[in-house]
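Structure, as C-alpha cells:
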Amino acid sequence: MADDELKFDKSGLDTWTDESTFEVTRERLVEYAKATNDPIAAHLAGDAANPVFAIVPVFQSLLEPAIEVVPLELFGRVLHGEQDFRFHRPIHPGDTLVSKATMTGWRGQDNGTAACVYLECRDAVGELVNEQYVTLFVRKFNTGDTVGTLAPDHRFDESLRSQPPTATITQHVDDDQTFRYGPAAGDPMPIHLDEEAARDSGLPGIIAHGLCMQAFTSWGLLTEVGGSDVSRLRRLAVRFAKPVLPGQDITTSIWRGSSADGITTYYFETTVGDDVVIKDGLAEITDATLAEREISTDSGSI
C-alpha cells in the first residue's frame with residue numbers, strides 16, 4: 001500500500017491495554033544490574049532495581065497501543081525515539097507490578113511522525129510505582145498533522161554550555177553487552193543480537209540497546225551526583241540520537257540546573273567521540289536521602 005493511502009487512526013487514542021502483571025525477583029534485578037555494568041551495591045545485591053529496569057515489567061505493553069493507531073504496514077519503520085521515566089519509588093524484590101498503556105497522540109513532521117505511548121506501573125495495592133512516556137518515531141512517514149497529547153518536553157538548557165559540566169563520566173560498552181542485556185531485559189530484537197539482521201536493517205552491525213545505554217547513564221548520574229541512592233531519582237528522560245556499538249566508550253557530561261522544593265534538575269548528554277548519541281537528557285534528583293526525608297516527615301507530623 002502506498003504511503004499516501006496510509007493514515008493513523010485517532011479512534012485508537014486514549015484506549016488502555018489490558019493490565020499485565022510482573023513478579024519481581026532478586027535474581028532478575030541482579031541479572032539486570034550485571035547486564036548494564038551497574039556498580040551500585042544495592043543494585044548488584046538485588047535490594048533495589050537499576051532505574052531503567054522499570055521498562056522490563058511494562059515491555060509487553062509498549063507497542064500494543066500503537067497497533068490501534070499506526071498502520072501495520074509502517075511498523076518496520078518504528079524506532080524508539082525518546083524515553084521519559086517518572087519514579088514514585090524504586091522497584092524492589094518481591095514487588096508484584098501491574099502495568100497498562102495507552103497511546104495519547106502524535107505529531108507529523110518532514111522526516112517522520114513522533115507518537116507518544118503513556119504507561120502506568122502500579123504495585124499490588126494500586127499505588128503508582130512509576131509512569132513512563134515513550135516516544136515512538138515512524139521514519140519517513142509524515143501524517144501532516146498533530147493530534148492528541150505528546151510527551152512532556154525535556155530539551156537541554158543550552159545556556160548551561162557557557163559553563164563546564166558539573167561532572168563527567170566515561171563508561172565502556174563491552175563486546176558482549178547486547179548478549180547479556182537482551183535476556184536480562186527480555187528484549188530479543190535481532191539488530192542487537194544478529195550481525196546479518198543488523199546490516200540488513202542498514203546498520204553498521206550489531207548496536208547496543210538504547211535502553212541499556214540509558215541504564216548506563218542512570219547509574220552514572222547516581223554515582224556522580226545522586227549519592228548512589230536510587231530512591232533520590234524522580235525523573236530520567238532522554239532522546240536517543242545515534243546508535244552505540246559494542247566495544248565503544250561513551251562519555252556523559254552532566255550540568256547542574258535549578259533547584260526547587262528539595263529537587264535539583266540536572267541536564268546531560270552522552271557522546272561517542274564527537275558524536276552525540278543521547279541528547280536532551282534530564283534528571284530530577286532529590287537533595288535529601290530517603291532516610292532524611294522520612295525524618296523530616298516524622299518531625300513535621302509531631
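The values are calculated or read from the model by the stated rules, or taken from the named source; none is laboratory data. This is a predicted model, so every value here is computed, not measured. In this analysis, Cβ positions are derived from the backbone assuming ideal geometry, glycine residues included, and neighbour counts consider all displayed protein chains. SASA here: full protein model, heavy atoms, side chains in, ligands and nucleic acids out. Shrake-Rupley method; radii C 1.70, N 1.55, O 1.52, S 1.80 Å.
Remind me, what semi-axes does segment 1-151 give for its equivalent ellipsoid, largest first in whole Å, using sqrt of 5 times each Cα gyration tensor eigenvalue?
33, 16, 12
Just to confirm a number: summing +1 for Lys and Arg and -1 for Asp and Glu over residues other than residue 272 whose beta-carbon lies under 10 angstrom from that of residue 272, what do you get?
-2
Could you tell me the accessible area of residue 250 in Å² (1.4 Å probe, neighbours in place), rounded to the nearest ten?
0
Top mean-square fluctuation among 183, 65, 90, Gaussian network model of the chain, C-alpha springs under 10 Å?
Top of the fluctuation ranking is 183.
Would you mind computing, in nm to one decimal, how far apart the modelled labels at residue 9 and residue 110 are, each placed 7 Å from Cα along Cα→Cβ?
Each label point lies 7 Å from its Cα, and together they span 3.2 nm.
How much of the calculated P(r) for segment 44-133 lies past 15 Å, in percent of all Cα pairs?
The answer is 62 percent, as a whole percent.
Express in nm, to one decimal, how much length is gained between residue 149 and residue 248 on full extension, taking 0.36 nm for each residue of separation and deducting their alpha carbon distance.
The span from residue 149 to residue 248 would gain 32.0 nm if fully extended.
Number of Lys pairs in the chain with C-alpha atoms less than 20 angstrom apart, excluding same-chain neighbours closer than eight positions?
Summing the qualifying lysine pairs gives 5.
Determine the dipole magnitude for the chain: charges of +1 sit on the beta-carbon of Lys and Arg, -1 on that of Asp and Glu, nothing else is charged, the reference point is the Cα centre, and the result goes in debye to the nearest 20.
The dipole magnitude comes to about 420 debye.
Scan around residue 245 for amide H atoms under 5 Å from its own, H built in the peptide plane at 1.01 Å from N, and keep only partners 5 or more places away or cross-chain.
Under 5 Å from the amide H of residue 245 lie the amide H atoms of 208, each far enough along the sequence or on another chain.
Could you compute the FRET efficiency for residue 199 and residue 124, with r as their C-beta to C-beta distance and R0 at 51 Å, rounded to 0.05?
E(calc), rounded to 0.05, equals 0.70.
Hey, what did the chain get for relative contact order, percent, Cα under 8 Å, at least 6 apart?
18
By how many nm would the segment from residue 47 to residue 139 lengthen if fully extended, with 0.36 nm per residue of separation less the alpha-carbon distance?
Taking residue 47 through residue 139 to full extension adds about 29.2 nm, to one decimal.
How big is the shadow of the Cα convex hull of segment 1-76, averaged over all directions, in nm²?
Projected area, direction-averaged: 7.0 nm².
With runs of 4+ DSSP H residues as the only contributors, calculate the mean residue ellipticity of the chain at 222 nm using -39,500 (n - 2.57) per run, divided by the residue total and rounded to the nearest 500.
Taken over the chain, the calculation gives -5500 deg cm²/dmol.
Suppose we look only past 17 Å in the calculated P(r) of segment 155-250. What percent of the Cα-Cα pairs does that tail hold?
When every Cα pair of segment 155-250 is considered, 60 percent fall beyond 17 Å.
Determine the order of 279, 34, 7 by accessible area, beginning with the largest, at a probe radius of 1.4 Å.
7, 34, 279
So what's Rg/Rh here for the chain, counting alpha carbon atoms and using the Kirkwood radius for Rh?
0.96
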